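The values are calculated or read from the model by the stated rules, or taken from the named source; none is laboratory data. This structure is a prediction, so every number in the text was calculated from the model and none was measured. Positions of Cβ are generated from backbone atoms using ideal geometry, with glycine treated the same way; all protein chains shown enter the neighbour counts.
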């Protein structure tokens, strides 16, 4: 596979969704910064109350008893800041995979792209990488930039408090372990993409197969199968459904994992990543690859565009 052609194809996919991928992260970043300030300005709290809190804060948290809590507290705060970016990124991902192959057939642009030296395999892999990795990476980058801006403002506040009021908060910067906390969030990117591979591949298959309404083609077959299975389970008095239980188990945390992490406060920051890793298995990857092959076969052999 030609790496240059693959890179160009990914850039083409990002260019087609450039407006969404440029403006949405900026809007979310603005809301994340402005909304807390607006809420604070409208609350009964005054700047004097905030200043009093900042002056008493070091005495409460610089003790040896509270020091281990600081990196966990920063990680939770960073994860809360990243959360809206990740939620919107997931919505954009699902939308992208649902329409990425359908739109190029609807507007006949597939005829133009097929005239270029780009194979169907390269086109599908480019769309998969764009949706599974590039889109969430863009939103993670925007969230990281927003966090850096907030940290810059916090740094300026620390300088003012240190120089003007002899209040030192510099120990927090060391204890917060900022770099490892942000890096830990970024480490979720690839395991999350592998975990969601069957869903992404299914949406691509529906997008390639549908003549219209690809979202319905992605939802209705699954809904029909679950309804039929539910009827069979109820009619024959079976203990439980197989497909429904399989989907529920795949997209939820097992009770064994929940029990295993209880009482492990020292490893609290790694719990989300460990939860993702426990969901990865070769079976789901093979299902995703099979669905991708079905998408490739349809793109290569489907007579109508």
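Among 201, 206, 193, 223, which is the only one that is modelled with pLDDT under 95, on the phi < 0 side of the Ramachandran plot and assigned to a helix (DSSP H, G or I)?
Being modelled with pLDDT under 95, on the phi < 0 side of the Ramachandran plot and assigned to a helix (DSSP H, G or I) holds for just one of 201, 206, 193, 223, which is 223.
Of the residues 200, 215, which single one is over 30 Å from residue 72 (Cβ atoms) and either touching a strand residue (DSSP E or B) at 6+ places or on another chain (Cβ under 8 Å) or surrounded by fewer than 19 Cβ atoms within 10 Å (Cβ to Cβ) (or both)?
215 is the lone residue from the list that is over 30 Å from residue 72 (Cβ atoms) and either touching a strand residue (DSSP E or B) at 6+ places or on another chain (Cβ under 8 Å) or surrounded by fewer than 19 Cβ atoms within 10 Å (Cβ to Cβ) (or both).
For residue 163, state whether it is modelled with pLDDT under 80 and outside any helix (DSSP H, G or I).
No, not satisfied.
Got at least one residue in the range 98-111 being under 11 Å from the mean Cα position of the chain (by Cα), at pLDDT 85 or above, closer than 28 Å to residue 30 by Cβ and assigned to a helix (DSSP H, G or I)?
No, there is no match, as no residue in the range 98-111 is under 11 Å from the mean Cα position of the chain (by Cα), at pLDDT 85 or above, closer than 28 Å to residue 30 by Cβ and assigned to a helix (DSSP H, G or I).
Please determine, by comparing only the residues of the range 271-305 that are part of a helix (DSSP H, G or I), under 23 Å from the mean Cα position of the chain (by Cα) and free of Cβ contacts under 8 Å to residues at least 12 places away in the same chain, which one is surrounded by the most Cβ atoms within 10 Å (Cβ to Cβ).
Ranking the candidates gives 271 first.
Give me a count of the residues in the range 172-190 that are more than 19 Å from the chain's Cα centre (by Cα) and either farther than 23 Å from residue 275 by Cβ or surrounded by 18 or more Cβ atoms within 10 Å (Cβ to Cβ) (or both).
Count: 6.
Out of the range 1-56, which residues are in a helix (DSSP H, G or I), within 24 Å of residue 162 (Cα to Cα) and either touching a strand residue (DSSP E or B) at 6+ places or on another chain (Cβ under 6 Å) or modelled with pLDDT under 75 (or both)?
40, 47, 48, 49, 50, 51, 52, 53, 54, 55, 56
Of the residues in the range 232-253, how many are farther than 29 Å from residue 196 by Cβ and not in a loop (DSSP other than H, G, I, E, B)?
Qualifying residue count for the region: 2.
Please work out which residue is nearest to residue 122 (Cα to Cα), limiting yourself to the range 11-26 and to residues that are within 19 Å of the chain's Cα centre (by Cα) and in contact (Cβ under 8 Å) with a residue 40 or more places away in the chain.
Top of the filtered list is 13.
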